[in-house]
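Student: The structure's right below; bear with me while I get my questions together.
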Amino acid sequence: MYSSKVFFSIIIPCFNVEETINKTINSVLNQDFVDYEIIAINDGSNDKTSEILNFFKFNNGIKVITQNNKGLGAARNTGIKMANGEYICLLDADDLWVSNKLSLLYNYIEKYASNIISNDEIIYNQKSLFYLRNNPPHNLSNLLLVGNSLSPSAITIKKNIFNEVGYFKEDKNFLGVEDWDFWIRVMHSNKRIAHIDLPLGVYRRDIQNMSKSNKFNQRILKMYQYYSEYFYSMGVISKSEMLSGEIFFNIVNYLNYPSQKNMYYLSNNVKKCRARFLVSLSFIKIILRLIIRKVQGIMLTLLKYKRLKCIAKELL
């Protein structure tokens, strides 16, 4: 862990995470694999995050970078550029890893020489557990039309990939969706994402999370509109797929936040795209993909519930 060149660099962006960062860092320190470094980026926190990070810096040798608040994408990029590892492991400051994650990843990479790897996770809140399939999309249109299906804390990337496809967006207008933007660019570059179908981490939803906000859902919609128009002009998706996807994301936005304003956006969108797209083959395919993913998650949760509960109990 203390050598200059390491196999894994774990990048943890931190902004006002005093309630969760202890457990997150300890879940890395408890790994049974030792050839790694931890880089925590204090992105302008004004709570006790800095004090906690400095404790780990002096007692466990983690690297701490302090900067003014620039947002999640910029914080990740700062850590990635400072990393000495051959592979970059992303980890959000409220998520947790099982103790053999890095050793399993290392063995998988040694066997298959994969450049990008995803793994499954456990969604945890105070009332329930759910098996989250971070199964990579088959193609670019799947990723675009159904939305982001990859969790950052479950992704490992060979560092040189960033030189090929670029880094995370640093514009705060992309806050919370910069990872989806990055995966779209990865898929557009014809990079293959391998997958380990094991739950190697806990994705926490028992705390305040930006994915719960209305602004976050609006950013998703804007991101979709931007990329769908671009890939339609490139011939990657059809007009039917583009319009069906827009209706789908407007519906999701309204279901998450059933406000009068969001209903207005949805009704206008349906009128603009014409209601026939609600029964088009493209729209049906989008809904079926979402249903299949949900059903897979439910089935895996039921089959593996005891194991998921043991993992969550051990880490939390």
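Student: Tell me, yes or no, whether the range 98-120 has at least one residue that is of a type in the set (A, V, I, L, M, F, W, C), touching a Phe, Trp or Tyr at 6+ places or on another chain (Cβ under 6 Å) and not in a helix (DSSP H, G or I).
Tutor: no
Student: Now, a different point. When residue 143 is evaluated against the numbered criteria (1) of a type outside the set (S, T, N, Q); (2) in the same structural domain as residue 95 (by TED's automatic domain parsing); (3) assigned to a loop (DSSP other than H, G, I, E, B); (4) modelled with pLDDT under 95, which criterion, by number, is the only one it fails?
Tutor: (3)
Student: Confirm whether residue 165 is in contact (Cβ under 8 Å) with a residue 24 or more places away in the chain, more than 30 Å from residue 32 (Cα to Cα), assigned by TED's automatic domain parsing to the domain that holds residue 73 and not polar (S, T, N, Q). Lay out the reasoning, then the answer.
Tutor: Values: in contact (Cβ under 8 Å) with a residue 24 or more places away in the chain: yes; more than 30 Å from residue 32 (Cα to Cα): yes; assigned by TED's automatic domain parsing to the domain that holds residue 73: yes; not polar (S, T, N, Q): yes.
It is true that residue 165 is in contact (Cβ under 8 Å) with a residue 24 or more places away in the chain, more than 30 Å from residue 32 (Cα to Cα), assigned by TED's automatic domain parsing to the domain that holds residue 73 and not polar (S, T, N, Q).
Student: So how many residues does the range 136-179 have that are within 25 Å of residue 104 (Cα to Cα), within 14 Å of the chain's Cα centre (by Cα) and of a type in the set (Phe, Trp, Tyr)?
Tutor: Residues flagged as within 25 Å of residue 104 (Cα to Cα), within 14 Å of the chain's Cα centre (by Cα) and of a type in the set (Phe, Trp, Tyr) within the range 136-179 amount to 0.
Student: Need at least 1 residues that are at pLDDT 70 or above and β-branched (Val, Ile, Thr) per element, so show me which helices (runs of 4 or more DSSP H) inside the range 166-284 make the cut, counting only ones lying wholly within it.
Tutor: Correct list: 178-188, 214-233, 239-256.
Student: Show the residue pairs that are 6+ apart or on different chains and have beta-carbon atoms under 6 Å apart, the first residue being within the range 56-74 and assigned to a loop (DSSP other than H, G, I, E, B), the second being β-branched (Val, Ile, Thr).
Tutor: 62/38
The values are calculated or read from the model by the stated rules, or taken from the named source; none is laboratory data. What you see is a predicted model; the values in this text were computed from it and never measured. A quick note on method: Cβ atoms are made from the backbone with ideal geometry, for glycine too, and the neighbour counts reach across all protein chains shown.
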